[in-house]
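Right, one structure below, let's go through it.
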Amino acid sequence: MSVAMEQNGGGAFDPALAGLLESLVGSRDAISASKEELDFLSNLLQSKELHALFKVYNSIVDRVRDDRRCSPVLSSSMQTTLDVMEVILPRIALSDTSRQLFQLLQNPHIQGLLCAHDAVAQKDYLPRLPDIPQEMDEDEETIKIVQLVKSTEPLVLICSEIS
């Protein structure tokens, strides 16, 4: 395996892919596959394209993990838009550019986009659950509050043993 890695550029390989390649090379005799299939997998795991994809994936994961995500500068863009419209309203008759900007900011699609931006910036997209009371008598039974939220994601059943 190290010979193949050195031929393709040395140590630039992703450790996960290198481990897969090492496992494939080590278990060639135990796998019931043709030589062509094993060679195909070996070539795929050594391909520069796959390693480039893993490099991009790892950089995205690192960026998210480091919490260097893009964060909105403003969470009240709709209010700012209304303020701008109020300022340029007296200038509509004087300037064609002001009139065009005012009409653009009145567009329902632009306003919808700004409202969606504000909802995401304020993280207002999750359903609100009622607060759990902190004070409970020891004699009272515990009540579990459950809320069903419709989403477009498929349902997944996870079974676990409760001890």
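Quick look at the values:
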{"quantity": "Residue under evaluation Ala93, criteria (1) exposed (fewer than 11 other Cβ atoms within 10 Å of the Cβ); (2) within 23 Å of the chain's Cα centre (by Cα), criterion not met", "calculated": "(2)"}
{"quantity": "Single residue of the stretch 69-90 satisfying the filter (touching a helix residue (DSSP H, G or I) at 6+ places or on another chain (Cβ under 6 Å) and touching a residue at least 40 places away in the same chain (Cβ under 8 Å)) that is surrounded by the fewest Cβ atoms within 10 Å (Cβ to Cβ)", "calculated": "Pro72"}
{"quantity": "Complete set of residues in the stretch 38-68 that are of a type in the set (Phe, Trp, Tyr) and out of contact with any helix residue (DSSP H, G or I) (no Cβ under 8 Å at 6 or more places or on another chain)", "calculated": "Phe40, Tyr57"}
{"quantity": "Filter result for Ala52 (at pLDDT below 85, among the small types (Gly, Ala, Ser) and surrounded by 11 or more Cβ atoms within 10 Å (Cβ to Cβ))", "calculated": "no"}
{"quantity": "Test result for Gln111, assigned to a helix (DSSP H, G or I), at pLDDT 95 or above and on the phi < 0 side of the Ramachandran plot", "calculated": "no"}
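The values are calculated or read from the model by the stated rules, or taken from the named source; none is laboratory data. Treat the numbers as computed from the prediction; the structure is a model and nothing was measured. Reconstructed Cβ throughout: ideal geometry from the backbone, glycine too, with neighbour counts over all protein chains shown.
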